[in-house]
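What follows is a single structure, written as structure tokens, with notes after it.
The values are calculated or read from the model by the stated rules, or taken from the named source; none is laboratory data. Every value quoted in this text rests on a predicted model; they were computed, and no experiment measured them. Neighbour counts are summed over all protein chains in view; Cβ atoms, including those assigned to glycine, are modelled from backbone coordinates with ideal geometry. For accessibility, only protein heavy atoms count, side chains too; no ligands or nucleic acids. Shrake-Rupley method; radii C 1.70, N 1.55, O 1.52, S 1.80 Å.
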Amino acid sequence: EGAKGTPGSRWLQFEPGMLSRHTRLVEMDHDLERALDQGQFHVVYQPQVDLEDGRIVSLEALLRWHHPQRGWIPPDVFIPRAEANGTIIAIGDFVLNAACRQAQHWRQAGLGGLAVAVNLSTVQLYQADLVDRVRAALEASGLPATALELELTETGLMEDMGTACQVLAQLRAMGVGLSVDDFGTGHSSLAYLRRFPVNCLKLDKRFVGDLEAGGDAEVIAGAVLALAQSLGLTCVAEGVETRAQADWLRARGCRQAQGYLYARPQSAEACERLLAAGILPAKEALPES
Ligand code: C2E
Ligand code: MG
Ligand code: MG
Ligand code: MG
């Protein structure tokens with residue numbers, strides 16, 4: 001649409017900016033193909049704490065890409081691209097294996113009966129050998145299946161509910177934990193949610209961040225917590241940055257939280273020091289000046 005006149009005239013509508021954007025994407029595809037082999041991906045971890053006592057119960061693995069020329073590229077930028085060009089399969093496998101190995105290392109070092117959470121792309125969810133790949137990562141690392149949590153998105157689950165249910169059931173049967181990430185932002189209804197054998201809802205950080213704004217975030221966050229409780233699911237609040245948010249959530253029965261108030265995503269080595277210290281005290285960031 002929008003192409004007035006002859007088909008060829010569409011080229012005239014190409015702005016230099018668009019062309020360079022296209023070139024950048026082609027370049028990113030090319031760079032993503034080799035980034036894994038060249039060791040440019042790093043996994044950082046962010047603790048999830050028990051809201052009552054600050055104990056670290058789990059750590060979420062978050063992927064970072066250090067591009068040799070462009071520096072650090074955030075996952076929100078490169079994951080969609082890796083999903084589009086298929087490199088997410090190998091990259092996702094890398095994160096899964098790295099996270100399982102790391103968690104098992106921590107457990108064996110006596111740092112607690114920790115779990116590790118890994119984000120799963122929708123592309124991975126619908127890949128025929130996903131269950132085998134998860135089993136292989138568990139076997140290679142020695143991590144018990146019950147110490148692994150996979151995070152899925154609502155929209156991903158809704159894409160093909162029948163297949164998703166089958167895959168999730170197999171993973172649950174192995175003992176793997178299943179969380180719905182960014183909960184509240186997708187389109188799942190109560191009826192749909194009950195069909196999926198998940199055991200955790202991660203309340204999206206936009207609702208947590210808006211809790212003090214006095215809008216409908218409180219209503220939504222409260223509804224998600226009530227929903228989790230009535231379905232017997234754990235609720236983890238994401239993006240907790242202030243004590244007031246933590247207090248609000250705790251008062252409404254939320255048991256776990258993740259956010260800058262407790263710890264930022266950081267290297268495995270830095271996390272190891274946090275784990276050795278035991279509990280994470282809530283530390284509110286100083287207001288930016
Ligand atoms: P997510 O899974 O919802 O991860 C939580 C995001 O919130 C992370 O962003 C984390 O750094 C950020 N965060 C944590 N605490 C706070 C806080 O207190 N305040 C604020 N403002 N943000 C906080 P990150 O690491 O940039 O990751 C963004 C998204 O990229 C993730 O969202 C996830 O959807 C995706 N992602 C990251 N790693 C992977 C991966 O290995 N595989 C896949 N498929 N997706 C990944
Ligand atoms: Mg996540
Ligand atoms: Mg999230
Ligand atoms: Mg997200």
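If you build a Gaussian network model of the chain, linking Cα atoms that sit under 10 Å apart, which residue out of 253, 222, 71 swings the most? Result for the chain, Cα springs under 10 Å: 71 fluctuates most. Largest to smallest in accessible area, the residues 279, 79, 56 fall in the order 279, 79, 56 (1.4 Å probe, all protein chains included). For the chain, the share of DSSP beta bridges that are antiparallel, to the nearest 5, is 40%.
Taking every alpha-carbon pair in the chain and binning the separations at 10 Å intervals from zero gives 6, 25, 32, 24, 9, 3, 1, 0 percent. The alpha-carbon positions of the range 194-267 define a convex hull whose volume is 93 Å³ per residue.
Could you work out the Rg to Rh ratio of the range 88-232, with Rh taken as the Kirkwood radius (inverse of the mean 1/r over all Cα pairs)? Walk me through the numbers on the way to the answer.
Values: Rg = 16.0 Å, Rh = 16.1 Å.
In the range 88-232, Rg relative to Rh is 1.00.
Take the Cα coordinates of the range 246-289, assign each an equal point scatterer, and use the Debye formula without solvent to give log10 I(q)/I(0) at q = 0.13, 0.15 Å⁻¹. The Debye formula, applied to the Cα set alone, gives -0.37, -0.49.
Per-residue accessible area (protein heavy atoms, 1.4 Å probe) orders 76, 50, 216 as 76, 216, 50, starting from the largest. Heavy-atom accessible surface of the chain, averaged per residue, reaches 51 Å², computed with a 1.4 Å probe. Accessible area of the chain with a 1.4 Å probe: how many percent of it is carbon plus sulfur? The C+S portion of the solvent-accessible surface of the chain is 52 percent. For the chain, a simple Cβ point-charge model (Lys and Arg +1, Asp and Glu -1, everything else neutral) yields a dipole of about 240 debye relative to the Cα centre.
Let me test this: with uniform point scatterers at the alpha carbons of the range 23-105, what is the Debye-based log₁₀ I(q)/I(0) at q = 0.18 1/Å? Log10 of I(q)/I(0), two decimals: -0.77. I need the Debye-formula profile for the range 49-89: one equal scatterer per C-alpha, no solvent, reported as log10 I(q)/I(0) at q = 0.29, 0.32 1/Å, two decimals. Result of the Debye calculation: -1.00, -1.09. Counting alpha carbon pairs within less than 8 Å and at least 6 residues apart, what relative contact order, in whole percent, applies to the range 94-193? It rounds to 29 percent for the range 94-193.
Taken as Cα centroids, the range 23-96 and the range 128-161 sit 17 Å apart, rounded to the nearest whole angstrom.
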